[in-house]
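Report on one structure; see the data block that follows.
The values are calculated or read from the model by the stated rules, or taken from the named source; none is laboratory data. Since the structure is predicted, the reported quantities are computational estimates derived from the model, not experimental observations. Don't worry about glycine lacking a Cβ; one is built from the backbone with ideal geometry, like all the others, and counts go over all protein chains shown.
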Amino acid sequence: MLAAITSQAQVVTYAFTDGSVVSHAITEVRSTDFDGDAMRVFLWDGTTYTWSLGSLAHYQFTDISTAAVNEASGLAPVRVYPNPTSGEVRIGIQADGSGEADVQVLDARGVRIRSVHRGELASGKHELVWDGLDEVRQPVAAGNYLLRVVQGPRVATKQVILQR
């Protein structure tokens with residue numbers, strides 16, 4: 001069940017029945033939509049969150065409210081810096097510790113270029129590094145890439161501009 005509660009607060013919270021929570025300042029949310037069997041939330045900073053509606057047997061929305069939540073909960077917006085870059089990119093994420101996290105760099109067609117991290121991430125802030133190389137440690141061409149972070153049912157993507 002998906003329910004909305006209106007108040008004067010400045011935070012939108014998505015709470016799932018598995019106990020995980022995603023929270024954003026109202027001013028960060030650009031738009032939301034449904035695409036096939038997925039719900040998407042687009043943030044102004046370019047981050048996109050996607051939840052599969054096909055997994056509702058395991059992950060159902062229990063609330064969308066404007067109550068503030070602990071900042072350490074959920075998968076916070078991905079921060080990529082410097083961006084654009086001419087070399088390595090630092091990837092800042094906030095993990096909720098609810099299971100495996102998968103951090104990948106994709107080309108503009110969605111093809112995996114490099115796996116930056118795959119495995120457990122403890123709750124808290126993490127900084128990962130993509131060095132601008134592909135899986136066989138060769139430099140990738142200048143261009144636009146996507147950084148995709150998957151943790152549980154949540155997916156966040158961020159554009160990375162690589163200049164050589």
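The residues on offer are 147, 133, 128, and the sole one that is of a type in the set (A, V, I, L, M), out of contact with any helix residue (DSSP H, G or I) (no Cβ under 8 Å at 6 or more places or on another chain) and touching a residue at least 60 places away in the same chain (Cβ under 8 Å) is 147. Close Cβ contacts (under 6 Å, 6 or more residues apart or on different chains) running from residues in the stretch 78-94 that are touching a residue at least 12 places away in the same chain (Cβ under 8 Å) and of a type in the set (A, V, I, L, M) to residues that are part of a loop (DSSP other than H, G, I, E, B) and surrounded by 14 or more Cβ atoms within 10 Å (Cβ to Cβ) comprise 78/47; 93/78.
Selection within the stretch 121-135: residues that are surrounded by 12 or more Cβ atoms within 10 Å (Cβ to Cβ) and within 10 Å of residue 93 (Cβ to Cβ). The member of this set that is modelled with the highest pLDDT is 128.
Listed here are the residues, each with its yes/no results for (1) part of a strand (DSSP E or B); (2) surrounded by 14 or more Cβ atoms within 10 Å (Cβ to Cβ); (3) among the β-branched types (Val, Ile, Thr).
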{"position": "105", "(1), (2), (3)": "yes, yes, yes"}
{"position": "119", "(1), (2), (3)": "yes, no, no"}
{"position": "137", "(1), (2), (3)": "no, no, no"}
{"position": "144", "(1), (2), (3)": "yes, no, no"}
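When the stretch 110-155 is filtered for residues that are more than 19 Å from residue 84 (Cα to Cα) and among the charged types (D, E, K, R), the ones remaining, listed by number, are 112, 118, 120, 125, 135, 137, 154. Evaluate the following for residue 107: is it more than 16 Å from the chain's Cα centre (by Cα), within 28 Å of residue 163 (Cα to Cα) and at pLDDT 85 or above? It is true that residue 107 is more than 16 Å from the chain's Cα centre (by Cα), within 28 Å of residue 163 (Cα to Cα) and at pLDDT 85 or above.
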